[in-house]
Amino acid sequence: MGERPSFEPAVRTLAMPGDTNPAGDIFGGWLLAQMDIAAGIVAARRACGRVATVAVDAMSFHQPVFVGDVVSCYARVVRVGRTSIRLHVEVWVERGRTGESVKVTEGTFTCVAIDDQRRPRPVPPE
């Protein structure tokens, strides 16, 4: 499953009882929202401004997330187009009871840089 990224996570939070599905595991939609926030933070930094998520591709849920897990979302830019930014997001948890580090999900997100009228705008050069 690889190694935890060496850079700081874009988002870190604690999985709480209110985030569970009927089976008692953390709801996949909650996890997807955390990933979208992480992608948006990293994309907005790269775009020097507002972005909107336009696609989520290749989602893979590897392991469940449990109440009490510390959830860390790592996002990195993998490609920059004229107006778009593609990011790879990995989610790792530190198991609340054991401290074990586990990659639980990953996916590819595409964000588009937008202006104040919510129209696509060019991503500035680095």
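Descriptive notes on the structure:
- For region 38-126, the strands (runs of 3 or more DSSP E) that sit wholly inside it and include 3 or more residues that are of a type in the set (S, T, N, Q) are 101-113.
- Residue list for region 95-126, filter: of a type in the set (D, E, K, R) and crowded, with 17+ Cβ neighbours inside 10 Å: LYS103, GLU106, ARG121
- When the residues of region 1-18 are filtered to those that are modelled with pLDDT of 95 or more, closer than 16 Å to ARG95 by Cα and not aliphatic (A, V, I, L, M), the one that is nearest to the chain's Cα centre (by Cα) is ARG12.
- The set of residues from region 13-32 being surrounded by 15 or more Cβ atoms within 10 Å (Cβ to Cβ) and under 12 Å from SER72 (Cα atoms) comprises THR13, ALA15, LEU31.
- The residue pairs whose first member lies in region 26-48 and is within 23 Å of ARG118 (Cα to Cα), whose second member is surrounded by fewer than 16 Cβ atoms within 10 Å (Cβ to Cβ), and whose beta carbons are closer than 6 Å, counting only pairs six or more residues apart or on different chains, are CYS48/PRO124.
- Here the condition is being within 15 Å of VAL91 (Cβ to Cβ), out of contact with any Gly (no Cβ under 9 Å at 6 or more places or on another chain) and aromatic (Phe, Trp, Tyr); of PHE66, PHE27, it holds for PHE27 alone.
- Hits in region 5-25 - residues which are in a helix (DSSP H, G or I) and either of a type in the set (A, V, I, L, M) or without any contact (Cβ under 8 Å) to a residue 12 or more places away in the chain (or both): GLY18
The values are calculated or read from the model by the stated rules, or taken from the named source; none is laboratory data. These figures come from a predicted structure and were not determined experimentally. Using ideal geometry, Cβ is built from the backbone for each residue, glycine included, and neighbour counts are taken over all protein chains shown.
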